[in-house]
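Have a look at the structure below before the remarks.
The values are calculated or read from the model by the stated rules, or taken from the named source; none is laboratory data. Quick caveat, the model's predicted, so the values are computed rather than measured. Cβ sites come from the backbone with ideal geometry, for glycine too, and all protein chains shown count toward neighbours.
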Amino acid sequence: MKKTTILIVDDHHLVRLGLQALLKVEPDFEVIGQAATADEAVALVERLRPQVVLMDLRLPGRSGVEACQDIKQRWPETHVIMLTSYADDELVLEAINAGAEGYVLKKVEGGNLVEVIRAVARGEAVLDSAVTQKLLAHVRQAEQELSGLAFRSLSEREIEVLASLSEGKTNAEIAHLLSLSEKTVGNHVSAILDKLGVTNRIEAATYAVRHHIERHRPDK
């Protein structure tokens, strides 16, 4: 049986021993090294080339995120799992951006951690459920913030025109709805296209729907 080789990185000696004890009983795992710092981890990856690095996020000196970034840039075939006590949004995003394929809280049960390592070794990405909820909340907040910025350059009247345009209304229909002349509506449409950096009504309508223009109408 070909074994998955694992490097354990944690600045607490007892944690490293506990993880090694947990993993060494698995017939398909082989713990080939331990490190206490980010620099030690990078050096051992260079020398041992483990398939999986199980890494604490918070390390003395350089962080686990920095070590992960180094490892993934130099040896992209090496899989990195972040093991930490924190389900912090910023840290999750930093770890993912650094290339980590797994992010697991230290309170995870031993059997679940074993399955996470197997999944990541197969090339899958795994996030702890608590981390996933935090990440989704962060994404939703970011989407709301972007939505608020999307129409910042438009006047209230232009938002009304764009909202109607996104509903498929013609210039004549918009003019009747807003008590404007067709020429004025046409001028508003041209200004909207210019401000949004799009080239036609379809692109403008798509942009409006994607950024939830209904939330920004003056009458809302």
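How many residues are assigned to a loop (DSSP other than H, G, I, E, B), aliphatic (A, V, I, L, M) and more than 13 Å from R217 (Cα to Cα) when one looks only at segment 147-190?
Counting residues in segment 147-190 that are assigned to a loop (DSSP other than H, G, I, E, B), aliphatic (A, V, I, L, M) and more than 13 Å from R217 (Cα to Cα) gives 1.
Looking at the structure I just gave you, is V25 in the same structural domain as G64 (by TED's automatic domain parsing), out of contact with any Phe, Trp or Tyr (no Cβ under 6 Å at 6 or more places or on another chain) and over 17 Å from K107 (Cα atoms)?
It is true that V25 is in the same structural domain as G64 (by TED's automatic domain parsing), out of contact with any Phe, Trp or Tyr (no Cβ under 6 Å at 6 or more places or on another chain) and over 17 Å from K107 (Cα atoms).
Please return the ranges of helices (runs of 4 or more DSSP H) entirely within segment 30-137 where 3 or more residues are more than 17 Å from D10 (Cβ to Cβ) and modelled with pLDDT of 90 or more.
64-74, 110-121
Starting from segment 90-103, take each residue that is small (G, A, S) and list its partners that are outside any helix (DSSP H, G or I) and surrounded by 23 or more Cβ atoms within 10 Å (Cβ to Cβ), counting only C-beta distances under 6 angstrom and pairs at least six apart or across chains.
These pairs meet every condition: A95/M82; A95/Y103; A100/V80; A100/M82; G102/I81.
Output the residues belonging to segment 194-220 that are within 15 Å of E156 (Cα to Cα) and more than 27 Å from the chain's Cα centre (by Cα).
K195, R217, P218, D219, K220
So which pairs qualify, if the first residue must be in segment 4-20 and on the phi < 0 side of the Ramachandran plot, the second must be part of a helix (DSSP H, G or I) and of a type in the set (G, A, S), the Cβ gap must be under 6 Å, and the two must be at least 6 apart or on different chains?
T4/A121; V9/A41
What are the pairs with Cβ atoms under 9 angstrom where one residue, in segment 153-176, is assigned by TED's automatic domain parsing to the domain that holds D194 and of a type in the set (A, V, I, L, M) and the other, located anywhere, is crowded, with 18+ Cβ neighbours inside 10 Å and not in a helix (DSSP H, G or I)? Sequence gap at least six, or different chains.
I159/F151; V161/L154; V161/L180; L162/F151; L162/L154; I174/L180
Would you check which residues across segment 91-111 are farther than 20 Å from R58 by Cβ and either touching a helix residue (DSSP H, G or I) at 6+ places or on another chain (Cβ under 6 Å) or surrounded by 15 or more Cβ atoms within 10 Å (Cβ to Cβ) (or both) and list them?
G110, the sole residue that qualifies.
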